[in-house]
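Below is one structure; the comments refer to it alone.
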Amino acid sequence: MSEIRFTIDGRPCVARAGQTIVEAAKANGVWIPVLCHYEGLKPVGSCRICTVRVAGRYMAACTQPVTEGMAVENTAPDLEDMRKSLIEMLFVEGNHFCPSCEKSGNCELQALAYRYRMMVPRFPYLWPGRALDARAPRLMLERNRCIQCLRCVRGIRAKDGRKVFAAVERGPRVTIEIDQRLAAGLSDAEARRAMDICPVGAILRKETGFAVPIGKRKYDGAPIGSDVEKGAGR
Ligand code: SF4
């Protein structure tokens, strides 16, 4: 299969046909931040954290395939500031109290906030009042932390293929619901996968907490994206 040649911030890169900008960047040791994207799931380009610029046009790097000669801008100051503002919007749009969250240290949103040096969001907090759903035997859904990335909707299915999570309503009212009957049939491993697939602490596995102490978690040792930049991949 012939290679596609392109650049990211002027750095020569190669891609395989069909690779998206995010996938090809990772293969070349270049990190592009993502949140709604999850390896193995169909990308939807909804969170826009991965926005890059090509020939003056803004595009979601997780859905856009690489083409020959493409010159991708990834770390221009205005792009980085736009990403930081999106992270800030996600923080003010929900209720994220990191010190009391079981996902702290493993949370992608928190890790992005650290990497982008977010101090005080530039937007007013909305303090939504969202209901917590703890009815499923192995899972808890804490909607106050949900960033509506739909990774759970796309990635968690029952044994017969039916979706365990669903998004209802649209726009700012979008809410994640659990099919309680399907959720009741999830095994321990499937419940763990649901917790892992959620980038924040909105889906938590019941009955286990702080098994890995704060300070020894995924993003406690190194910033998010540093594994890609070292060429190790995620
Ligand atoms: S519950 Fe988690 S995985 Fe599902 S949409 Fe909300 S943030 Fe995304």
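Since every read-out is calculated from the coordinates, none of them should be taken as a lab result. A quick note: this is a predicted structure, and the numbers were derived from the prediction, not measured. With ideal geometry, Cβ positions are generated from the backbone for all residues, glycine too; neighbour counts draw on all protein chains shown.
The set of residues from the stretch 126-153 being outside any loop (DSSP other than H, G, I, E, B) and more than 9 Å from the ligand (Cβ to nearest atom) comprises 132, 133, 139, 140, 144. Taken over the stretch 117-149, the criterion of being within 17 Å of residue 89 (Cβ to Cβ) and touching a residue at least 60 places away in the same chain (Cβ under 8 Å) is satisfied by 147, 148, 149.
Return the residue satisfying two criteria in turn: it lies in the stretch 59-92 and is in contact with a strand residue (DSSP E or B) (Cβ under 8 Å, 6 or more places away or on another chain) and charged (D, E, K, R), and of such residues it is surrounded by the fewest Cβ atoms within 10 Å (Cβ to Cβ). Ranking the candidates gives 68 first.
For the stretch 199-223, a residue qualifies if it is away from the ligand (no atom under 16 Å from the Cβ), in contact with a Phe, Trp or Tyr (Cβ under 9 Å, 6 or more places away or on another chain) and part of a loop (DSSP other than H, G, I, E, B), and exactly one does: 223. Evaluate the stretch 99-108: report whether one residue or more is more than 13 Å from the chain's Cα centre (by Cα), hydrophobic (A, V, I, L, M, F, W, C) and buried (at least 17 other Cβ atoms within 10 Å of the Cβ). Checked the stretch 99-108: at least one residue is more than 13 Å from the chain's Cα centre (by Cα), hydrophobic (A, V, I, L, M, F, W, C) and buried (at least 17 other Cβ atoms within 10 Å of the Cβ). For the stretch 177-196, residues that are assigned to a helix (DSSP H, G or I), of a type outside the set (Lys, Arg) and either in contact with a helix residue (DSSP H, G or I) (Cβ under 7 Å, 6 or more places away or on another chain) or under 15 Å from residue 135 (Cα atoms) (or both) total 6. Residue under question is residue 231, and the condition is that it be more than 14 Å from the ligand (Cβ to nearest atom), buried (at least 18 other Cβ atoms within 10 Å of the Cβ), under 20 Å from residue 33 (Cα atoms) and touching a residue at least 12 places away in the same chain (Cβ under 8 Å); does it hold? It is false that residue 231 is more than 14 Å from the ligand (Cβ to nearest atom), buried (at least 18 other Cβ atoms within 10 Å of the Cβ), under 20 Å from residue 33 (Cα atoms) and touching a residue at least 12 places away in the same chain (Cβ under 8 Å). If we keep just the residues of the stretch 164-176 that are within 19 Å of the chain's Cα centre (by Cα) and not in a loop (DSSP other than H, G, I, E, B), which is surrounded by the fewest Cβ atoms within 10 Å (Cβ to Cβ)? Restricting to residues being within 19 Å of the chain's Cα centre (by Cα) and not in a loop (DSSP other than H, G, I, E, B), the top hit is 171.
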